[in-house]
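Structure first, then comments.
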Ligand SMILES: [Zn+2]
């Protein structure tokens, strides 16, 4: 698991957040962490020297949704024995993964990932830092989870962008609070989607012109997008969490949008989207 809850304060902790705590701070929360789904005790597993990411384990209830992410006892023991902190914990890259194909439909969890994305022709704006021997790559899904939990800053990680390192929270923006100075900037933008014209615009519809941010699907990807997602008429109840990478553009009406011409630059919570389908 990437995230747990404090038994008493109910505060949410992520694995990178705990990894970056002092040993004193780690001791303070020891024994007080629980699975946020089933409430069973959870414990922290440090980043290991062989490159496994920090995470949490728990003895979940049988029906707990987060149970599947538990590793075997054997690998747990191996990882518990690794106490060494590594300097590169704080630097991550981004793995651009295409979620809009059936092969990946069931793969909802977060895997340890090395190297570049699954396709060779991705233009990775977030380069690997050549000075780091091991660099972890996070998916858009994972970054969206942190944004939704409001824990981007707490991760304490840097992302490499155009050979520069930037704090994660500085390149991930909520589109609900975009301001005029952000026109033209490139980054990750997240928020809730509410509707579509079922063609090239998401979060934009003649009947629902209330959003100030839209996603535009380019002609070459729109067919695959809709055949995978399925079209839904009307407003999407409660909004569908999503995150997109790209450069902010502006239409003459003053509305902001990002054009997507590569589906690996977009992640939409498909479970919530499909729950809107009648
Ligand atoms: Zn659980």
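The values are calculated or read from the model by the stated rules, or taken from the named source; none is laboratory data. Just so we're clear, the structure is a prediction, and the values are computed from it rather than from any experiment. Positions of Cβ are backbone-derived with ideal geometry, glycine not excepted, and every protein chain shown enters the neighbour counts.
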Taking region 7-29, which residues are closer than 18 Å to residue 136 by Cβ and either in contact (Cβ under 8 Å) with a residue 60 or more places away in the chain or over 25 Å from the mean Cα position of the chain (by Cα) (or both)? 14, 16, 17, 19, 20
Unique match (being surrounded by fewer than 18 Cβ atoms within 10 Å (Cβ to Cβ), under 22 Å from the mean Cα position of the chain (by Cα) and at negative phi) among 249, 265, 274: 274
Taking region 29-79 and the residues there that are part of a helix (DSSP H, G or I) and within 16 Å of the ligand (Cβ to nearest atom), the one that is modelled with the lowest pLDDT would be 76
List the number of the failed condition for residue 155; all other conditions in (1) touching a helix residue (DSSP H, G or I) at 6+ places or on another chain (Cβ under 8 Å); (2) at pLDDT 90 or above hold. (2)
Members of region 160-172 found to be touching a helix residue (DSSP H, G or I) at 6+ places or on another chain (Cβ under 7 Å) and under 18 Å from residue 248 (Cβ atoms), listed by number: 161, 169, 172
